[in-house]
Each structure stands twice: as C-alpha cells, then as structure tokens.
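> Below is one structure. I have some questions about it.
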Amino acid sequence: MPAAQAAGAPLSPPAAAAAAKPLRADLAIIAGWIRPYANVLDLGCGDGALLAHLERVKHCHGYGVEIDDAEVQACARHGVDVIQRNIEDGLEMFMAGDPFDVVVLSMALQATQRTEKVLEDMSHVAREGIVSFPNFGHWFHVWSILRGRMPITREMPYEWFNTPNLHLTTPRDFEDLATRLGLVIMEKVFLAEGRIITHFPVKRATQAIYRFRRKGD
C-alpha cells in the first residue's frame with residue numbers, strides 16, 4: 001500500500017477543533033452505523049471530516065482516498081491518513097490484506113464513470129459498504145425538467161455545462177443495480193434539509209443513504 005500522508009500523531013489544536021465541528025447530515029447517519037474501533041476506508045473522503053470524527057469519537061482507524069490536492073492537504077491538517085488516488089483506478093491495493101470493516105463513498109457515487117465497478121470493488125474490499133447520493137427523483141428535479149430546466153439544488157449546485165455528476169439516480173434505480181450486483185441492502189435512510197424523511201421518500205428526500213453487504217457474506 002502506498003504511504004499515506006498525515007496522521008498517527010495526536011491532533012493539533014486547530015485540527016482537533018476542525019474534527020469537533022458538526023458533521024454533514026449524511027455523514028452523521030453514516031457515523032452512527034459504524035461501530036467503535038472499526039477499520040474504515042473512506043473513498044472520496046474530501047477534507048477527512050468523517051474519518052477525523054470516527055477516530056476522535058469511536059476510536060476507529062482508517063484511510064481516506066482523495067484525488068483533489070486541496071482536500072488531501074485538508075486531510076493532513078485534520079490528522080487523517082490519506083492516499084491521493086483516483087478510486088476509479090481500482091481498489092486492488094486494499095484487497096491484499098484483511099478486509100476493512102466498512103468502506104464509505106459519500107455524495108460521490110453520481111460522479112463516477114464506472115459506477116458498477118466502483119460498487120463491486122467496494123463489496124470486495126470491506127465487509128460492509130455505505131453510500132450516500134443525491135436523489136434525482138425529488139419532486140423539485142421533476143418540476144425543473146418539466147419547466148425545461150436542469151435542476152440546481154444544494155446537493156447538486158452545478159450548471160449543466162460544468163457539473164461533475166455523470167450518473168444521477170433515484171433510490172429505486174440504485175436498489176435495482178444493487179440487486180443485479182448481488183448486494184444486500186441492510187439499512188437505508190432518506191434526508192431532506194438534514195431531516196429524516198419516512199413518508200414518500202422517493203419524491204420528498206434530497207439525499208439517500210444505503211448500507212449494504214455482498215450476498216453470502
């Protein structure tokens with residue numbers, strides 16, 4: 001495994017303060033699903049906020065994988081072990097030893113080019129996988145398209161010509177793909193404005209979060 005940048009050492013005061021900031025709503029749900037002392041792989045980890053929280057609150061250990069230079073530097077400031085790499089180049093480097101307990105891909109699934117391969121790799125590298133993504137089936141998206149416009153929201157704040165989002169999906173479409181890939185859905189939560197949505201989530205939720213494992217594991 002390539003050497004990771006950062007971590008191991010106690011957090012500096014600025015890093016500790018950053019780690020103590022409230023988590024994004026989907027990351028808070030994800031953190032709640034991860035047991036103490038788990039070994040975690042966070043793909044597209046951004047500034048390392050989730051791993052910093054898990055290390056501080058649940059004594060977890062893990063690695064982040066991130067391609068963006070600025071985010072890698074932010075991980076280092078937070079005391080998070082991070083490897084600079086494109087996750088679509090494959091996760092074979094993480095498959096040689098014991099599997100991770102959990103692999104996470106938060107709010108980045110829609111930006112992957114080979115989404116099926118990413119999910120398959122996740123199912124092989126860890127005992128459980130967790131993904132979160134914007135729900136393209138939300139009523140506002142449908143209304144925007146009926147008006148002849150591509151939707152712009154907090155979860156998808158880009159114009160059509162500069163968006164990194166390639167494969168937008170709905171919860172039902174994601175569940176269909178999971179079934180085709182032999183993945184078993186263990187839990188799911190839907191959010192809107194940071195609140196859990198239980199009634200008509202496919203139309204009302206702006207984010208979906210899924211916890212899954214490979215069938216037979």
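> On full extension of the chain, what length is gained from HIS59 through HIS199, given 0.36 nm per residue of separation minus the C-alpha to C-alpha distance?
Length difference between fully extended and current span is 46.9 nm.
> Calculate, in nm to one decimal, what ASP173 and ARG147 gain on full extension: separation in residues at 0.36 nm each, minus their alpha carbon distance.
Answer, rounded to one decimal: 7.0 nm.
> Pop a pseudo-label 7 angstrom from the Cα along the beta-carbon direction at both ASP68 and ARG127 and give the gap in nm to one decimal.
In this crude label model, ASP68 to ARG127 measures out at 3.2 nm.
> If you take every DSSP beta bridge whose two residues both sit in the chain, what share of them, in percent to the nearest 5, is antiparallel?
Expressed as a percentage, antiparallel bridges in the chain total about 45.
> Label point 7 Å out from ARG154 along Cα-to-Cβ: which residues of segment 175-194 have amide N under 17 Å?
190-194
> Further, regarding this structure: Compute the separation of the alpha-carbon centres of segment 161-217 and segment 49-87 and state it in Å as a whole number.
Centre-to-centre (Cα) distance: 24 Å.
> Would you please put 173-186, 51-64 in order of how densely packed they are, using the mean number of other Cβ atoms within 10 angstrom per residue and starting with the highest?
51-64, 173-186
> Choose one of ILE67, THR198, ILE34: the residue whose Cα lies farthest towards the positive end of the charge dipole of segment 13-214 (beta-carbon charges +1 Lys, Arg; -1 Asp, Glu; about the Cα centre).
Ranked along the dipole, the leading option is THR198.
> Helix-derived [θ] at 222 nm for the chain: sum -39500 (n - 2.57) over DSSP H runs of at least 4, divide by residue count, nearest 500?
Value at 222 nm, helices only, nearest 500: -8500 deg cm²/dmol.
> Can you give the alpha-carbon Rg of the chain over 2.2 N^0.38 Å, where N counts its residues?
Its radius of gyration relative to the 2.2 N^0.38 Å reference: 1.00.
Since every read-out is calculated from the coordinates, none of them should be taken as a lab result. As the structure is a prediction and not an experimental result, all values here were calculated from the model. Every residue, glycine among them, receives a Cβ derived from its backbone with ideal geometry; neighbour counts consider all protein chains shown.
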